[in-house]
Amino acid sequence: MSIEPVKLDDLTWNEMVIATRRRIPAASAGQWTLHAPVDPGITLLDLFAYLLEQRVYWMDHAPDSLIRGALSLIGEKPLPTQVAATVMHFPKVEDFLVLPRAARFTLAGSTPPLIFTADNRSLLLPFAQKREPVGLKIDGEDRTADLGHGKVLCLFPADGKAAEVKIVLYLSRRLPPNVGPRRFSLLVELFESSNVVPQWSPKAPSPPPAAAKVKWFYSGEDGKQVPFAEGEVKDGTAGLRRSGLVTLPVKADWAVDPEEKEPHAYSLWMGVEKATFSAPPRVKRLLPNVVIARHQRKSIKHRLNREWLPLPGNEIVIADLPENEIIKDYPPIEGSIGLKIRERDGKWHRWERTTDLEFHGPADRVFVADRTLGKISFGNGLTGRLPVLLRANEQIRIHYLVGGGAAGKLGTNRSWNTSLTLLDRTLLADKIDAVNVVETIGGEEPETIPAFRERAAAALKARTRAVIREDFEEIARTVPGVAIKRAHAAVGFHPNHPGTPIPGAVTVFILPDVSRDVLDESFDESIAESAFVAAPVPDEGALAMVRQKLDETRLVGTEVFVLSPFYRSVKLTLAVESNAANRIELSHRIKLRLRRFFDPLIGGDDREGWSFGEPVRPSAILREAQAELGDDGTLVNVFIDLPDARLDQADTPVSAAADCNQLLSPGDGPVAAAPACEDVEIGAHHLVKLEKIHVRFERASENQGGLR
């Protein structure tokens, strides 16, 4: 039953006036006889009713400070200004240039200028202009042309074996001797799950554990592979788990690779001893001369002089700074403001930013920044300290970051310009063009109070403690930084005691979110290589992150285990009566439909993945296959084989089978019959791994009808 909200503002001015006038005769013992509006007493009563009505109105409206304070009790705070980010690329570099730290990129034609700032210092290399700047060789095969044509390529397998990929940088000139120890960056853009955000996203979590340990090498003398030292390579991809920048140092002994035909070809290798990926990582683009840039820049340190009285209402108008220049340091990113005030004691005191002055006392040196109005406000001496300035030429020092907000939301391939330096630290006279090769991510204004209330209300419904089965599953699916598609919590299941329910034990089986492209009829191999894995399992890094998250949210006394799913191998043989000429096509369609139906990620009746422990039902196979056959044939028999279902006392594999009408063996001829059309159990917490599907066509009898 829903409850109507309590309304406090239910008394009007007219009702209060009528009520007070009715009480005049009794309260005045009949001495107050004139109740007309001309009477001064009536005028005062009307005035008090007006003031009381305003009080009641305020009482029915919660102020912003009360909303912030109440929601802070449940751990929620308003979201601050978010800064947009992108990746800048320098397509035409003719010399060895240095991009200084905090270099500014100005959007061409923007007024006022829209400025992004580089995250790090970087070395830019000159590349040959007549060919692709970067070459790629996978398993010894040159895939540079495919990469240049935009094809998505699998870098490593997911078979747990050792593998290696070669990356060749085709420079236009040799590396000078004074280039080291500077660092350059390489953009590795992957075809990843939508649940995993790239490195440059403002919402990107701290780097998760790598899916596989990737080692980097460079070409030394005579083309030998020389490994980079531990910690020299900064891998923003987290072991090819997400798109990001790989930053490598330029080594003094990095030599031209003699195996390459180009005169200035410098090679890199990345290899894995164990390719423990959930699915083969696929690369869309390899791009050198890149840097992450964000929509922010540092303001100058403003030194101000003000003549303030020690009274409430003092403000600093940020929108007017600098005071004597046309282009202003505006809008501010309020969380970055640093403020010092020289007070009457002659000392400089640091003042801190707060979201609301109502929660501070008269001695707290705090201020409130309003990004929209461009103002800094101070307290009134009761809620927040009054700033009392020393009489001097310089009383206030303020600096902050400029930018952020919705203005940074841009598309891709926009033109920018910036200033670079040569290796000898001389500033180039001309501006160097840059292009943002990815769409900007982020860029939001400060959260409003109504939006804050809605988000906090939704957060109350979020599962933050693992108590019931659904809590464990949702928390496991939503761990940031890793792509988890499904989770199954087995309450009472202990891996060391699988046959006995253990109170307090919970085992969570997780499935990674990997590609199912080959199960899509529209998949085009000319655009992307398939990264399909029939029975996906999470990597150790993903398992570790889910374990950590569930360990933080579990109840005391609960023992939590996080495991890869158990798979049961299944082989199917189908007998089909059909006189159709396109039997090969029919067989392919039936196999594709059944593989989709039994798939752990997109299978099942609801297409949300095959349910854990769901038995294999011949009736369901009959329904799916016959729906694909249509009028082209009739499915008359199904054989289900589970070769690893159980072991007998002699540890010999035994098959579990079920049939409809007659049991067919995968070979020639029938075998002993089993109970007709029985469901085949696969295990309480298992999934199906469809090993093989054999479709046997038989000639359909003419003019035969009815049930058989």
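The values are calculated or read from the model by the stated rules, or taken from the named source; none is laboratory data. Note that the structure is a prediction, hence the values are computed from the model and not measured. Don't worry about glycine lacking a Cβ; one is built from the backbone with ideal geometry, like all the others, and counts go over all protein chains shown. Remember, those area values only see protein heavy atoms, side chains included, never the ligands or the DNA or RNA. Shrake-Rupley method; radii C 1.70, N 1.55, O 1.52, S 1.80 Å.
Data overview
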quantity: Convex hull volume per residue in cubic angstrom - Cα atoms of the stretch 495-555; calculated: 138
quantity: Lysines whose Cα lies under 29 Å from that of K7, excluding same-chain neighbours fewer than 8 positions away; calculated: K77, K461
quantity: Binned Cα-Cα distances of the stretch 343-387, short to long, each 10 Å bin given as a whole percent; calculated: 30, 51, 18, 1
quantity: Rounded to 10°, Cα long-axis angle of helix 583-597 versus longest principal axis of the chain; calculated: 40
quantity: Sites E540 and S611, calculated FRET efficiency, Cβ-Cβ separation with R0 22 Å, nearest 0.05; calculated: 0.25
quantity: MRE, 222 nm, helices only [DSSP H, n ≥ 4, -39500 (n - 2.57), over the chain, to nearest 500]; calculated: -5000 deg cm²/dmol
quantity: Cleavage-rule hits, trypsin sites (Lys or Arg not before Pro), the stretch 24-104, DSSP coil, Cβ neighbours within 10 Å at most 13; calculated: K92, R101
quantity: Spherically averaged projected area in nm², based on the convex hull that wraps the Cα atoms of the stretch 452-588; calculated: 14.2
quantity: Longest to shortest principal axis, alpha-carbon extents of the stretch 310-383, angstrom; calculated: 37, 28, 22
quantity: Descending principal axes extents, the chain, alpha-carbon based, whole Å; calculated: 115, 88, 51
quantity: Translational diffusion coefficient (Stokes-Einstein; Kirkwood radius from C-alpha pairs) of the stretch 201-264 at 4 °C, 1.567 mPa s, in µm²/s; calculated: 95
quantity: Separation between Cα centres of the stretch 148-200 and the stretch 483-546, rounded to whole Å; calculated: 27
quantity: Sulfur and carbon atoms: percent of accessible area, the chain [1.4 Å]; calculated: 52
quantity: Per residue accessible area of the chain, 1.4 Å probe, in Å²; calculated: 53
quantity: The stretch 254-400: relative contact order as a whole-number percent, Cα under 8 Å and 6+ apart; calculated: 27
quantity: Antiparallel DSSP beta bridges within the chain, as percent of all bridges there, nearest 5; calculated: 85
quantity: Centre separation in Å (Cα based) which lies between the stretch 252-268 and the stretch 27-72; calculated: 86
quantity: FRET efficiency estimate (nearest 0.05) - Cβ-Cβ, E678 to D253, R0 60 angstrom; calculated: 0.30
quantity: Spatially proximal lysines relative to K571 (Cα-Cα < 23 Å; intrachain offsets below 8 disregarded); calculated: K591, K689, K692
quantity: FRET efficiency estimate (nearest 0.05) - Cβ-Cβ, L52 to K203, R0 60 angstrom; calculated: 0.80
quantity: The chain: angle of helix 449-460 to the longest principal axis, Cα-based, in degrees nearest 10; calculated: 40
quantity: Point-to-point label distance, E525-D39, nm (Cα→Cβ direction, 7 Å offset); calculated: 10.0
quantity: Surface accessible to a 1.4 Å probe, I468 within the full protein complex, Å²; calculated: 90
quantity: Rh (Kirkwood; distinct C-alpha pairs) - the stretch 130-282, Å; calculated: 16.3
quantity: Cα gyration tensor shape for the stretch 21-84, rounded if a/c is under 1.5, else prolate or oblate; calculated: prolate
quantity: Cβ charges +1 (Lys, Arg) and -1 (Asp, Glu), total dipole of the chain, debye; calculated: 2560
quantity: Equivalent ellipsoid dimensions for the stretch 324-454 as semi-axes, Å, which come from the Cα gyration tensor, largest first; calculated: 37, 24, 11
